[in-house]
1. Does E60 satisfy being under 19 Å from the mean Cα position of the chain (by Cα) and at pLDDT 55 or above?
2. Within the stretch 70-89, can one find any residue that is touching a Leu at 6+ places or on another chain (Cβ under 9 Å), among the hydrophobic types (A, V, I, L, M, F, W, C) and surrounded by 15 or more Cβ atoms within 10 Å (Cβ to Cβ)?
3. Considering the stretch 37-66 alone, what residues qualify as being part of a helix (DSSP H, G or I), surrounded by fewer than 16 Cβ atoms within 10 Å (Cβ to Cβ), free of Cβ contacts under 8 Å to residues at least 24 places away in the same chain and not β-branched (V, I, T)?
4. Name the residue, out of E124, E115, that is exposed (fewer than 12 other Cβ atoms within 10 Å of the Cβ) and modelled with pLDDT of 95 or more.
5. Which residue, of T131, T97, T93, T103, is in a helix (DSSP H, G or I) and surrounded by 16 or more Cβ atoms within 10 Å (Cβ to Cβ)?
6. Do we find a residue being at pLDDT below 95, over 13 Å from the mean Cα position of the chain (by Cα), exposed (fewer than 13 other Cβ atoms within 10 Å of the Cβ) and in a helix (DSSP H, G or I) anywhere in the stretch 12-21?
Amino acid sequence: MPREVRTKWRAVPLLILSLCAFRPVAADEQPLPMADYCEVTKRVLLLSAVEWKERLAAAEVNQGDERSLWRALDTITSRHRSYRAKIYGQFGTSAGTVGRFSTDNKDEIRAYLDESPQIRNEIESARQTVTGLIDQFEALMARSRGGQK
């Protein structure tokens, strides 16, 4: 059975998170409360959904024009990077701190979400939305590449 190949699009958020996870903690960053971790996670996922909707729209509009597509994607990425920074800033934290927190507190996060099904469902719903949008984007890109050959 052939194994699924992860595309570069799916790896981008993971790469960013992994790079951020190794950034030193800023001196003014405080420990992240569990409720804040969950709220930041939810907000970043909801923002990611908006970002991927924009990426999908850009891919549809720029089919066949790779240079224009990359420019559009760069613009979208830059804009949403600043939006993410604002979300983290509202909680006095950073992507790196959130990434380290999720790595260091997996069991505690799981237990907290088991006790807070509404929060768990909101996060999971946002995660599924982002995954679905990435899948649509990848399918469109695959069709586009197929048409260029």
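The values are calculated or read from the model by the stated rules, or taken from the named source; none is laboratory data. None of the values given here were measured: they were computed from a predicted structure. Methodologically, a virtual Cβ is constructed for each residue, glycine included, from the backbone with ideal geometry; neighbour enumeration extends over all protein chains shown.
1. For E60, the condition - under 19 Å from the mean Cα position of the chain (by Cα) and at pLDDT 55 or above - is not met.
2. Yes, that holds for at least one residue.
3. A57, E66
4. Going through E124, E115 in turn, just one is exposed (fewer than 12 other Cβ atoms within 10 Å of the Cβ) and modelled with pLDDT of 95 or more: E115.
5. The unique qualifying residue is T97.
6. Within the stretch 12-21, one or more residues are at pLDDT below 95, over 13 Å from the mean Cα position of the chain (by Cα), exposed (fewer than 13 other Cβ atoms within 10 Å of the Cβ) and in a helix (DSSP H, G or I).
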